[in-house]
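Quick notes on the structure that follows.
Throughout, read-outs are computed from the coordinates displayed, never taken from laboratory work. The shown structure was predicted, so the numbers you read here are calculated from the model rather than taken from an experiment. Every residue, glycine among them, receives a Cβ derived from its backbone with ideal geometry; neighbour counts consider all protein chains shown.
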Amino acid sequence: MATLEPGSTPRRWIPEGGLQEHREKIHKESKIADKKNLPFTFSKPGKTKKQSQFKCECGHIFLASKNTVMVICSKCKKLSKAAKME
């Protein structure tokens, strides 16, 4: 399967007035919403920081989400049950 390089194909949808005008409209509306003291904000989702240390059967220690059950170890390349270190 071939992969596409970024920018090798045109956008699927070009907003009316062009991309620059579209960006300006988004920024303008965002500033208006900020001034209204709404009970919510728009932002990028935060990265989860709830990680724990796990130990593979081969002894390799790694960080993963606290809900991790199984993992492919980067050292031994085997699928194994992740044992939480305490």
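For residue 53, the amide hydrogen comes within under 5 Å of the amide hydrogens of 85, counting only partners 5 or more places away or on other chains and with H modelled in the peptide plane. Sequentially through the stretch 65-73, phi angles give Karplus couplings (6.51, -1.76, 1.60; θ = phi - 60°) of 4, 5, 8, 5, 10, 10, 8, 9, 5 Hz, Gly and Pro residues having no value and appearing as x.
The trypsin sites (Lys or Arg not before Pro) found in the stretch 9-86 that occupy coil by DSSP, while having at most 14 further C-beta atoms within 10 Å, are 11, 12, 36, 47, 49, 50, 66, 75, 77, 78. The ranking of 43, 30 by Cβ neighbour count inside 10 Å, starting from the fewest, reads 43, 30. Given the choices (1) 3, 16, 24, 20, 14, 10, 7, 4, 2, 0; (2) 3, 17, 30, 27, 16, 6, 2, 0; (3) 3, 11, 12, 9, 8, 9, 10, 12, 11, 11, 5, 1, P(r) over Cα pairs in 5 Å bins from 0, in percent derived from the coordinates of this structure is entry (3). Only helices enter this figure: runs of n ≥ 4 DSSP H residues, each worth -39500 (n - 2.57), summed and divided by the residues of the chain, yield -6500 deg cm²/dmol at 222 nm to the nearest 500. The ranking of 76, 56 from fewest to most other beta carbons within 10 Å of each one's beta carbon is 76, 56. In the structure displayed, which of 50/75; 55/81; 50/78; 44/81; 44/75 lie more than 21 Å apart, Cα to Cα? Among 50/75; 55/81; 50/78; 44/81; 44/75, the Cα-Cα distance tops 21 Å for 50/75; 50/78; 44/81; 44/75.
Under a no-solvent Debye model with one identical scatterer per Cα of the stretch 2-47, what's log10 I(q)/I(0) at q = 0.17, 0.25, 0.29 Å⁻¹? Calculated log10 I(q)/I(0) at the listed q: -0.76, -0.95, -1.02.
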